[in-house]
Structures are given as structure tokens and as C-alpha cells.
Amino acid sequence: MNRSSPIIKRLRARSRKMAAVFFPQSNFAFRLRNFIMRNMPKRLLGWNFSGAIKAEMKLLEK
């Protein structure tokens, strides 16, 4: 088994979870996502995305 295989599996699982935010399943979910993104404070949005990046970096360190 390749040494990077567990890392790749964890990154793929995380990417699938994040994809639900960017590619909603229904029109309602799409509109709700757009409404939330437009009205969310930019600082909170940045905190969320920087947290996701930090989590992926931690996965790569393991």
C-alpha cells in the first residue's frame, strides 16, 4: 500500500463534504446557500475557509 494512500482518502472524504456547499442538490438549497453567503459577515466566511485549509494541512502532516 502506498504511504500517501490514507492521506488521499481523508482529503477526498473532506472534499466530498465541502462539495455539498458549492454544489447544492436542489434549487431551494442553491438559493439558501446564496442567501447565506451574501449575508454572512466576511470575517466569519474567511474564518470558515481558513479553518478548512488548516484542517487539510493537518491531514497532510499526519
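Readers should treat all values here as calculations from the given coordinates under stated rules, not as data from a laboratory. Quick caveat, the model's predicted, so the values are computed rather than measured. Positions of Cβ are generated from backbone atoms using ideal geometry, with glycine treated the same way; all protein chains shown enter the neighbour counts.
Summary of values
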item: Scan of the range 3-44 for residues that are free of Cβ contacts under 8 Å to residues at least 40 places away in the same chain and of a type in the set (V, I, T), ordered by number; result: I8, V21, I36
item: The range 3-56 - residue that is in a helix (DSSP H, G or I) and among the aromatic types (F, W, Y) and, of those, surrounded by the fewest Cβ atoms within 10 Å (Cβ to Cβ); result: F22
